[in-house]
Amino acid sequence: MKKKRKMSAGKVLVGVATVLILLIAATAVIGSVSEIRDVVDARRYLPREESIRYSIARGEYYTALGNVRELEACDVQLTGATEEAKAVAYYYDAAVLCKAYEKTGDTEQAELQRLRMQRFAAAAGTLRDHLSKIDALLEDY
């Protein structure tokens, strides 16, 4: 018959501490590698231009606006079709702000937003039909 070896409390604590230290170290290494990868290739995570046009087509104007701003923040030059989608997204932004300023009684800022709306409406091109959808969407607010 074999003798059963008893493990002392000290050995158990050392074992548990070793496992915890290894888990913490592994988590730190994985997090560091992830941060380095993101810094090195930040453009990899940018939205594609097609996603802006797709968001406009689906009526997701806020999403399109966020994607446009992200691309512009990284100095990405947009192509012709995406420029029209960008104009619609910025029209949405101006329309929302105009409505908010009207509600608060700030007529001066509301007028500035109306001017922005006119400028973006002129650049909307073939996506002009979305402007009336945005106006109808904001009518209820």
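The values are calculated or read from the model by the stated rules, or taken from the named source; none is laboratory data. Since we're looking at a predicted model, the values are computed, not measured. For neighbour counting, all protein chains shown are included, and Cβ atoms are generated from backbone atoms with ideal geometry for every residue, glycine included. Note: areas computed on protein heavy atoms with side chains; ligands, DNA, RNA excluded. Shrake-Rupley method; radii C 1.70, N 1.55, O 1.52, S 1.80 Å.
What is the packing order of peptides 84-96, 10-22, 116-128, taking the mean over residues of other C-beta atoms within 10 Å and listing the highest first?
Packing proxy ranking, top to bottom: 84-96, 116-128, 10-22.
When we measure straight from the Cα of K86, which aspartates and glutamates land under 15 angstrom away, once same-chain ones fewer than 8 places off are left out?
E49, E50, E60, E70, E72, D75, D129
What is the sum of charges, Lys and Arg at +1 and Asp and Glu at -1, for the other residues whose Cβ falls under 15 Å from the Cβ of T79?
Every neighbour counted, the sum reads -3.
Got a number for carbon plus sulfur as a percent of the chain's accessible area, 1.4 Å probe?
60
From the residues A87, A57, V16, which one has its Cα farthest along the dipole of the chain in the positive direction, the dipole being from +1 and -1 charges on Cβ of Lys/Arg and Asp/Glu about the Cα centre?
Highest projection toward the positive end goes to V16.
So what is the relative contact order of the chain, in percent, for Cα pairs below 8 Å that sit 6 or more residues apart?
Taking the mean separation of contacting Cα pairs over the length of the chain, I get 19 percent.
Rolling a 1.4 angstrom probe over the protein heavy atoms, how many square angstrom per residue are accessible across the chain?
That works out to 72 Å² for each residue.
Give me the one-decimal Kirkwood hydrodynamic radius in Å for the chain, with the sum taken over alpha-carbon pairs.
That comes to 19.2 Å for the chain.
Under unit Cβ charges (Lys, Arg +1; Asp, Glu -1), what dipole magnitude, rounded to 20 debye, does the range 64-121 have relative to its Cα centre?
Dipole magnitude for the range 64-121 comes out near 160 debye.
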